[in-house]
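K.L.:
Provided herewith is a single structure, encoded as structure tokens, for subsequent inquiry.
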Amino acid sequence: MTAETAALPFSRLKLLAYGFPGLPLAALGVPLFIFLPSFYAQDRGLSLAAVGLVLLAARLWDAVTDPVIGLLSDRIATRFGRRKPWLLAGTPLTCLAVYMLFVPPEGAGALHLFAWSAALYLGWTMVQLPYTTWGAELSGDYHERSRITAFRETMVVFGTLLASAMPAAIAAAGGENSLDEVLTALAIFLILALPLSVMLAAGLVAETPRPTPVRKMGDRWRAGAALLVRNKPFLRLILAYLLNGLANGLAATLFVLFVQKGLALPDAVDTLLLTYFLLGIAGVPLWLFVSHRLGKHRTWILAMLLNSAIFATVPLLGPGDYFGFLAICIGTGLCLGADLVLPPSMQADVVDVDTAEGGGARTGLYFALWGMATKLALALAVGIAFPVLELAGFDATGANDAGALLTLSLLYGAAPVVLKLAAIAIMRGFPVTAEKQAELRRKIDLKFAETRPGS
């Protein structure tokens, strides 16, 4: 794959086919991180601390599997490719675990929640990690990578919207709109949509042929690990990504509780979620446009600054402040587009730093590490927020005093601002610009040309 062929734009049809699995994968994320904790706390009678600790434990197990899957998908090549076989193998496990977790039998408690969460995370990793790695390998061009990511992440937002709209759709159809009913409907949808989307993507989009890795260093673990540690842009990006992910994870985990208890607007949850994610879709082309002029990292910093300024007003809200929070959802929703598109595109760029220095084609390993950062952020969000709320005396099913509500407001509104500002400080002066990435691609092409037979 030369720099010239890597820069060729993909057709919209192929990008849509590649992006399609992002829809059910995102529709899985909404109930898993937003509805499921509240469901097991409110409907299944588990304590907030128990739910938080169980989901944290399952996430820590999930973090263990990421580098294993990443390394294996880098090293095991089949006639069907390196990435596609993992998607096809992980889909059945994911579907089974979704059903068992979202439609639990009577008496299901903490052990059931942990066991099937662990199974779901394993299946999800087998699909999600090779899927995003595949996208990073489709092009070596700085801006085309953002375009590929934009198609995938737009489908992700549509999937999030679909899952978020499920309660309203059930209510419109005459259902009870309970968490139990919502999770059952989402389980059925996912069991149908995920296999279909994976088969379409695998059938219509070819994996980009990977050049022979440079073996002098990349295949020796110690040398490869040393290269990874010396990859300063990677270390900066993954730390900023972790902090920003924890900020977003706190907001996602506590959204339903904040609207229901902090704002006393339980009927507004669906409308506010839909507004937020619709604006996320609208923001994607805006941030792509800006990134072509400012570069990816400067555009991401701008979006995080704007998000922080808007979110800093959350603790000022009180019961019944619907329109104030609606304005916050609109503003932060627009910023969501940058979070969706730019960090994954920059992830592909910092892999080029490793490859150019002789690390070989280790995209799967790098994306495994980012997957670990994503999951750790979400696990910490639940594992920190729910126990802290319980210590403050917060009751997910009943009334709460002013102190408990203030704790909820600070966790939901103030803590994410502090985390995003820290991420901004880390990303200032990020070195992998469009010019630097083009230089890296030329170096990679030269290295791989030297390793080809007859070169």
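K.L.:
State, in angstrom, two size descriptors of the stretch 345-421 derived from its alpha carbons: Rg to one decimal place and Dmax to the nearest whole number.
P.N.:
Cα only, the stretch 345-421: 19.2, 59 Å (Rg, Dmax).
K.L.:
Right, something else. Output needed: percent of Cα pairs per 5 Å distance bin for the stretch 1-137, bins running from 0 to the one holding the longest distance.
P.N.:
2, 9, 17, 19, 17, 13, 9, 6, 4, 2, 1, 0
K.L.:
Of K84/K375; K84/K443; K14/K420; K232/K261, which pairs sit farther than 31 Å apart, going by alpha carbon to alpha carbon?
P.N.:
In this structure, K14/K420; K232/K261 exceed 31 Å between Cα atoms.
K.L.:
Any idea what the dipole of the chain comes to, in debye rounded to 20, about its Cα centre with Lys/Arg Cβ at +1 and Asp/Glu Cβ at -1?
P.N.:
I would put it at about 2020 debye.
K.L.:
While we're on this one: Using the beta-carbon distance between H292 and E207 and R0 = 22 Å, what value does 1/(1 + (r/R0)^6) give for FRET efficiency, to the nearest 0.05?
P.N.:
That gives a FRET efficiency of 0.20.
K.L.:
To the nearest 0.05, how large is the calculated FRET efficiency for A264 and A422 if R₀ is 56 Å and r is the Cβ-Cβ distance?
P.N.:
That gives a FRET efficiency of 0.95.
K.L.:
Between L88 and H143, what length in nm is gained on full extension when 0.36 nm per residue of separation is reduced by their alpha carbon distance?
P.N.:
Full-extension gain reported as 16.9 nm.
K.L.:
Let me spell out the model: positive unit charges on the Cβ of Lys and Arg, negative unit charges on the Cβ of Asp and Glu, origin at the Cα centre of the stretch 227-350. What dipole size does that give, in debye rounded to 20?
P.N.:
The dipole magnitude comes to about 640 debye.
K.L.:
Something else about it: I need the helices of the chain that pass two filters: whole DSSP H segments spanning 15 Å or more by Cα along the axis, and mean Kyte-Doolittle score no lower than 0.5.
P.N.:
Helices meeting the span and hydropathy rule in the chain are 48-75, 84-102, 110-137, 142-172, 179-204, 232-257, 269-294, 296-311, 322-356, 363-391, 415-427.
K.L.:
Additional query: Can you give the Kirkwood hydrodynamic radius of the stretch 377-419 from its Cα pairs, in Å with one decimal?
P.N.:
10.7
K.L.:
So between T78 and L239, what do we pick up on full extension, going 0.36 nm a residue minus the alpha carbon distance?
P.N.:
54.6 nm
Here, each number is a calculation from the coordinates, and none is a lab measurement. Please read all numbers here as calculations on a predicted model, not as lab measurements. Here the Cβ is made from the backbone with ideal geometry for all residues, glycine too, and neighbour counts use every protein chain on show.
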